[in-house]
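Q: Below you'll find the structure I mean.
Read-outs throughout are calculated quantities, based only on the coordinates presented, and are distinct from any laboratory measurement. This structure is a prediction, so every number in the text was calculated from the model and none was measured. FYI the Cβ positions are ideal-geometry reconstructions off the backbone, even for glycines, and counts take in every protein chain you see.
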Amino acid sequence: MSLEDAMFSLPVADPGVPDARSPIRYLWWVARAQSVPLLIGIGFAILWWLGQALVPAAIGAAVDALSAKDTDGLVRWSSVLLGLGVVQAVAGVLRHRFAVFTWLAAAYRTVQVTARQATRLGATLPKRLSTGEVVSVGNSDIAHIGNAMDILLRGTGAVVAIVTVTVILLTSSLPLGLLVLIGVPLMAAAVGPLLRPLHRRQHLQRDLQGELATRASDIVAGLRVLRGIGGEQVFAARYREESQRVRQAGVRVASIDSMLEGAQILLPGLLIACVTWIGARFALAGEISPGRLLAFYGYAVFLISPLRTLTEAADKITKGHVAAGRVCRILSLTPERTGGDAPMPAGGDLHDEESGLTLPRGRLTALAATTPEDAIAVAERLGGYAPGSVTLDGGPLDELPVDQVRRRILVADNAAKLFTGRLRDELDIVGTASDESVRRALAAACAEDIVEALPDGLDEHVAESGREFSGGQQQRLRLARALVADPEILILIEPTSAVDAHTEARVAERLSPARAGRTTLVCTTSPLVLDHADTVLFLEDGKVRAEGSHRELLATEPGYRSTVTRGEE
């Protein structure tokens, strides 16, 4: 096994559920979840820094041996110098590899927990957070969290290196040791006032980036509509305006960053100048040897790197703290419905108390509403996505386990997406359906022609959001996907709104046989679909006002007739 394979096969602790009460607790959880590679990497980082910190001492001793014409001493210290170089090389390679592992583990563990949380929240997430805010976690926040873990390796080693050099200076020259011992905390204190405004400006920039990402996703999703109504330029101007706000916020963050970068050069430079000047005076006074002076200068130059690393650590940990705060905001959300532990009934009618709607078991029911939003609200309550008094076989739906409800009740609307991947995998999400089941679902949804037109058929690769398909084709494929899932209760919201009348008639004719023996609710005002339903319910002002067949309601219910005929007699 190669070194890289061995390193990436290290056991990683089970991430479990992170503590999302504060960003610091979340970062601590991330570090603890990968404690083994993190500690090993810190060990290599310390070894790497110490290899560099001891080089000036070896060079100074070699110079003194050369001045004293001590050949054995020169050879000995030259060998020590060579050994330190080998230690630096080996430890540096291993430190970097573990740093990369730590970065990747922290970043993608964050992706995992946020994805799991998004799945757990379900329909609650888009109600609480914008799309851009969620997307920005994967775009930028995971990198900052990874950087915060990465810098722990070099940062810890830098602290050990500074302490080591300070001890050497104290034992060699008390004034120089005290100068470093006092100067390093002063430098840290000088950088401290820059961190608070940096933190505040990064928060603002993150929020603006999330809003801009939301705006961009909205524009892309509705670009065809915007062009149709002539609103493309208006929204482009709005995007440009928000983009400039993000740019200005970025410039304000960069101004603080530039001051930190300047501090990384100026403050260590001042310390080096002081150490070198005092050491040179000691050498002129004969208090230290030329080799010792050279070593002191080497220590002073060396201190630039660990001191800059500490400043870099302050910057990256601050950014990681901001990013972790956004992750915590997602992880702190709770689903609107948490469910209970009541036993799941074997079957039964589904009843919505608020509207008075009842879905009889094993029948195809259609719901025609005067207002589409009322039908959607009923569907969300029946599916357990919105609070309401809903019962299944007489028992409250809220008391049933959510995962069981999701497996038994499927709500399919036109907001559902086709994901990237093989078409067959997109239709059979669970991966348990037979080829015959997929074929029957495609036939019921009148989507066979879509598959036949593809070069690779069901093995064709679907692009992002199924953009290669038209709106009507996407709708038929979504219907086929719902039919392949074959849930006990299927709730369809306007499943034929984007197809032509001929295709709609065929879908309406095939839907009932495809769902024979299963409970189905179709929310629609299409006469073609309503005419094939076993029972039609008329919903007005959120209440079921009439029930019967499509033709019976047309003859007896004026409100229903006006709704399904669009006011045309």
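Q: Treating the angle as unsigned and between 0 and 90°, give the value, to the nearest 10°, between the Cα long axis of helix 174-221 and the longest Cα principal axis of the chain.
A: 20
Q: Still on this structure: Taking H placed 1.01 Å from N in the peptide plane, check which residues at least 5 places from Val411 or on another chain put their amide H under 5 Å from its amide H.
A: Here Ile491 satisfy the definition.
Q: Taking H as built 1.01 Å from N, whose amide H comes closer than 5 Å to the amide H of Ser497, not counting residues under 5 places away?
A: Under 5 Å from the amide H of Ser497 lies no amide H from a residue far enough along the sequence or on another chain.
Q: I'd like the distance separating the alpha-carbon centroids of segment 309-332 and segment 352-414, in whole Å.
A: 42
Q: Let me ask another. With +1 on the Cβ of every Lys and Arg and -1 on the Cβ of every Asp and Glu, and nothing else charged, how large is the dipole of segment 386-441 about its Cα centre, in debye rounded to the nearest 20?
A: About 220 debye.
Q: Over the Cα atoms of segment 439-558, how large are the radius of gyration and the largest Cα-Cα distance (Dmax), in Å?
A: Considering segment 439-558 through its Cα atoms, Rg and Dmax are 15.8, 51 Å.
Q: Given axes a ≥ b ≥ c from the Cα gyration tensor, I'd like to know whether segment 428-482 is rounded (a/c under 1.5), prolate (a/b larger than b/c) or oblate.
A: The shape class here is rounded.
Q: Using modelled backbone amide H atoms (1.01 Å from N, in-plane), which distant-in-sequence or interchain residues come within less than 5 Å of Ala416's amide H?
A: The answer is none.
Q: Let me make sure I get this right: for segment 257-376, a, b and c are the square roots of the gyration tensor eigenvalues over alpha carbons, sorted descending. Under 1.5 in a/c it's rounded, otherwise prolate if a/b > b/c, else oblate. Which is it?
A: It is prolate, given that a/c is not under 1.5 and a/b is the larger ratio.
Q: Could you give me the percent of Cα pairs per 20 Å distance bin for the chain, shortest bin first, beginning at zero and ending with the bin that holds the maximum distance?
A: 16, 36, 26, 15, 7, 1
Q: Oh, and also: Of the beta bridges DSSP finds with both residues in the chain, what % are antiparallel, to the nearest 5?
A: 45
Q: Add +1 for every Lys or Arg and -1 for every Asp or Glu among the other residues with Cβ under 15 Å from the Cβ of Gly92, and state the total.
A: +2
Q: Roughly speaking, what % of Cα-Cα pairs in segment 330-379 are separated by over 13 Å, rounded to a whole number?
A: Of the Cα pairs, 72 percent sit more than 13 Å apart.
Q: Which residue, Ala482, Ser497, Thr519, has the largest displacement toward the positive end of the dipole of segment 457-569 when charges sit on each Cβ (Lys, Arg +1; Asp, Glu -1)?
A: Thr519
Q: Further question on the same structure: Name the shape class, rounded, prolate or oblate, that the alpha-carbon gyration tensor gives for segment 370-474, where a ≥ b ≥ c are the square roots of its eigenvalues, rounded holds for a/c under 1.5, and otherwise prolate holds if a/b is larger than b/c and oblate otherwise.
A: Prolate is the answer for segment 370-474, as a/c is 1.5 or above and a/b outweighs b/c.
Q: While we're looking at this one, here's another question. Only Cα pairs under 8 Å and at least 6 apart count here; give the relative contact order of the chain as a rounded whole percent.
A: Answer for the chain is 15 percent.
Q: Please give the charge dipole size of segment 453-505, origin at the Cα centre, charges +1 on K and R Cβ atoms and -1 on D and E Cβ atoms. Round to the nearest 20 debye.
A: 120
Q: Pairs Lys127/Lys543; Lys127/Lys316; Lys127/Lys417: which are spaced more than 29 Å apart, C-alpha to C-alpha?
A: In this structure, Lys127/Lys316 exceed 29 Å between Cα atoms.
Q: Express the C-alpha Rg of segment 40-150 as a ratio against the empirical globular expectation 2.2 N^0.38 Å, rounded to two decimals.
A: Relative to the rule-of-thumb radius for its length, segment 40-150 sits at 1.84.
Q: Just how large is the dipole of the chain about the Cα centre, in debye to the nearest 20, putting +1 at every Lys and Arg Cβ and -1 at every Asp and Glu Cβ?
A: Rounded to the nearest 20 debye, it is 2580 debye.
Q: What fraction of the Cα pairs in segment 301-433, stated in percent, has a spacing above 26 angstrom?
A: The proportion of pairs with Cα distances above 26 Å equals 50 percent.
Q: May I ask which residue of Leu310, Gly340, His321 lies farthest towards the positive end of the charge dipole of segment 287-418, with charges of +1 (Lys, Arg) and -1 (Asp, Glu) on Cβ and the Cα centre as origin?
A: Working it through, the farthest residue towards the positive pole turns out to be Leu310.
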